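Here is the structure we will look at, set down as structure tokens.
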Amino acid sequence: MNITHISAECYPIAKVGGLADVVGALPKYLNSKITKTQVIMPFYNNSFTNSNTFKSVFKSKIKLGNQDVAFNIKTLVNNTLDFNIYFIDIPEFLFKEYVYSSNDTERFLAFQIAALDWLLSQDTKPDVIHCHDHHTGLIPFMLQESYKYNILNNIPNVFTIHNAQYQGSFSHDNMSLIPEFNFGKVGLLDWNGQINPLAAAIKCAWAVTTVSPSYMAELTTKANGLETLLKAEQQKCYGILNGIDWKVWNPETDSFIVENYTVKTAQKGRLANKKYLCDKFNLDINKPLFGFIGRLVYEKGSDIFPDTFKQSLTSKNHTVLLLGSGDKNQEEAFINLKNNNEGLYNTFIGYNEALSHIVYAGADFLLMPSRVEPCGLNQMYALRYGTIPIVRSTGGLKDTVIDMALPNGFGFCHENVEPQEIINNINRAVKLYNNKKEFNNVRKKIMNIDHSWDASAKEYIKLYNSLNQI
Ligand code: ADP
């Protein structure tokens, strides 16, 4: 079976969040079980594209409204990824230093049209087209309704919602950018008076998946306006928990971390990583270290950290290190929190892949007070590295973390995004940390939990097979 993934992000080429990790990992696991998987993504102006060599395999022009826009399909000369990858190079739209901006309508429409034009030109067509998030949300519609893609419309397509908060809506005034389609079907594009790529994908895709069973259930009551649509389309919706890339996220081999370790050597290896963090960020190594890694946006609940730590750090019995970037008010509040908390608190504002790995390897606990967390990869990385998660029970966090008070529990859970609830769990965690025997037992237990892609990839294959039999 030939599977083609189309996505705006793919690790290690371009990463903003979990979407990249998933699209960089799932194809590897599918490849080991299915004949061939390829990823199509934009060609950005970033460190990966600047430090690798590419060759052109196809050139053509798309029509974007009245404009003729030239595009070039490139591939890697030395591909060390475990799957085929093709880049859509459209210099004027996609070749930017960023992945997303505030005005992406034309950029990602050009990307989607070029991807389909290229598939159209190929003799061998994919058996399944798998699209990810709203940047590729118009593909299921175009496959079904745009005249020029008629020949592709019997190819099953799967659409995965990684985050329903972002929908990519734009005005009907831009409708002429979409390749000509049967106007009687314009309703498929519309949601609340706008063209909504996420809604169009949910309506038109053969199957819709989300990244955890609990998030799938939540979307019928909380989907940023798409609740009724998701309820109506339930029969073709599936919640499949993401896995983690066992090869990239492995404390035994991870080249980003200060000292590698196994379950057996975790105590020593993790201490070396904690020491690095404590030296670099001036934190007391003898106290339990609570970490956070993430985009500083409302959904992540990180806005309540300043209030939380102003209170919790008065106890002086723990330390905190926050890594993230995003909302400028949050960034400023994180920096201001350094005042009066020297030796107990620090923050790194920015995106730093290497540092994130060291935090997973060196922090004792990882905080995730998310308001919305479709799957969440951080808690699964934390488990693999032996860092105990403290999470708000929502979405994928609910599916992957069991509170210590329950049978087989190993983490700390809270129900609400409230400073006091986090503080209560920090207190429980400090108590556990001070009971060294129990703390080490929990650490051993979590490092042995298997969240590799194997199980989830099998679910996707089952879905692809079922669609090919329709
Ligand atoms: P989301 O996709 O909503 O951002 P996920 O939990 O699915 O959340 O994935 C987040 C990914 O991004 C993880 O790999 C995490 O380590 C990484 N990440 C987030 N913020 C940063 C940062 N500031 N520096 C390094 N890595 C980050």
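The values are calculated or read from the model by the stated rules, or taken from the named source; none is laboratory data. Keep in mind the model is a prediction, meaning the values are calculated, not measured. Positions of Cβ are backbone-derived with ideal geometry, glycine not excepted, and every protein chain shown enters the neighbour counts. These area figures cover heavy atoms from the full protein model, side chains too; ligands, DNA and RNA do not enter into them. Shrake-Rupley method; radii C 1.70, N 1.55, O 1.52, S 1.80 Å.
Scanning the stretch 1-10 for residues that are in contact with a Ser or Thr (Cβ under 9 Å, 6 or more places away or on another chain) and either outside any loop (DSSP other than H, G, I, E, B) or open to solvent by 30 Å² or more (accessible area, probe 1.4 Å) (or both) gives Met1, Asn2, Ile3, Thr4, His5, Ile6.
Based on what the data block shows, is Leu198 in the same structural domain as Asp173 (by TED's automatic domain parsing) and under 26 Å from Ile113 (Cα atoms)? Yes: the conditions hold for Leu198. Given the conditions (1) open to solvent by less than 50 Å² (accessible area, probe 1.4 Å); (2) part of a loop (DSSP other than H, G, I, E, B), and given that Asn282 satisfies all but one, which numbered condition is not satisfied? Unmet for Asn282, out of (1) open to solvent by less than 50 Å² (accessible area, probe 1.4 Å); (2) part of a loop (DSSP other than H, G, I, E, B): (1). When Leu366 is tested against (1) more than 18 Å from the chain's Cα centre (by Cα); (2) of a type outside the set (Lys, Arg); (3) within 12 Å of the ligand (Cβ to nearest atom), exactly one condition is not met: (1).
Look through the stretch 266-278, keep the residues that are of a type in the set (A, V, I, L, M, F, W, C) and touching an Asp or Glu at 6+ places or on another chain (Cβ under 9 Å), and return whichever of them is surrounded by the most Cβ atoms within 10 Å (Cβ to Cβ).
Cys278
Pairs meeting the criteria (first residue in the stretch 345-363 and more than 13 Å from Arg384 (Cα to Cα), second residue within 7 Å of the ligand (Cβ to nearest atom) and open to solvent by 20 Å² or more (accessible area, probe 1.4 Å), beta carbons under 6 Å, at least 6 apart or on different chains) are Ile349/Ser325; Gly350/Ser325; Tyr351/Ser325; Ser356/Ile293.
Among the residues making up the stretch 443-454, those that are open to solvent by 70 Å² or more (accessible area, probe 1.4 Å) and in contact (Cβ under 8 Å) with a residue 60 or more places away in the chain are Lys444, Asn448. Report every pair of residues separated by at least 6 positions or lying on different chains whose Cβ atoms are under 6 Å apart, first residue within the stretch 15-42 and within 23 Å of Lys300 (Cα to Cα) and assigned by TED's automatic domain parsing to the domain that holds Leu463, second of a type in the set (Val, Ile, Thr) and open to solvent by 10 Å² or more (accessible area, probe 1.4 Å). Sorted first by the residue in the stretch 15-42, then by its partner, the pairs are Val16/Val99. Quick check on Gln330: is it touching a helix residue (DSSP H, G or I) at 6+ places or on another chain (Cβ under 7 Å) and farther than 18 Å from Phe365 by Cα? Criteria met by Gln330. Taking the stretch 158-184 as the range and being more than 22 Å from Glu233 (Cβ to Cβ) and free of Cβ contacts under 8 Å to residues at least 12 places away in the same chain as the test, the residues that pass are Asp173, Phe183. Any residue that is of a type in the set (Asp, Glu), under 30 Å from Gly168 (Cα atoms) and in contact with a helix residue (DSSP H, G or I) (Cβ under 9 Å, 6 or more places away or on another chain) - is there at least one of those in the stretch 252-274? Scanning the stretch 252-274 turns up no residue that is of a type in the set (Asp, Glu), under 30 Å from Gly168 (Cα atoms) and in contact with a helix residue (DSSP H, G or I) (Cβ under 9 Å, 6 or more places away or on another chain). Can you tell me which residue among Ile73, Ile34, Ile13 is farther than 22 Å from Pro374 by Cα and either touching a Pro at 6+ places or on another chain (Cβ under 7 Å) or within 16 Å of the ligand (Cβ to nearest atom) (or both)? Answer to the selection: Ile13. Lys300 meets each of the listed conditions (1) among the basic types (Lys, Arg); (2) surrounded by fewer than 17 Cβ atoms within 10 Å (Cβ to Cβ); (3) farther than 21 Å from Gly362 by Cα apart from (2).
Report, by residue number, each residue of the stretch 11-39 that is part of a loop (DSSP other than H, G, I, E, B) and more than 16 Å from the chain's Cα centre (by Cα). Selection gives Ser32, Lys33, Ile34, Thr35. For the criterion of being in the same structural domain as Tyr11 (by TED's automatic domain parsing), in a helix (DSSP H, G or I) and surrounded by 18 or more Cβ atoms within 10 Å (Cβ to Cβ), Leu463 passes.
Suppose the filter is away from the ligand (no atom under 16 Å from the Cβ), in contact (Cβ under 8 Å) with a residue 60 or more places away in the chain, farther than 22 Å from Ile244 by Cα and surrounded by fewer than 24 Cβ atoms within 10 Å (Cβ to Cβ); does Ser56 pass it? Even if it seems obvious, please write down each step before you answer.
Numbers: away from the ligand (no atom under 16 Å from the Cβ): yes; in contact (Cβ under 8 Å) with a residue 60 or more places away in the chain: no; farther than 22 Å from Ile244 by Cα: yes; surrounded by fewer than 24 Cβ atoms within 10 Å (Cβ to Cβ): yes.
No: the conditions fail for Ser56.
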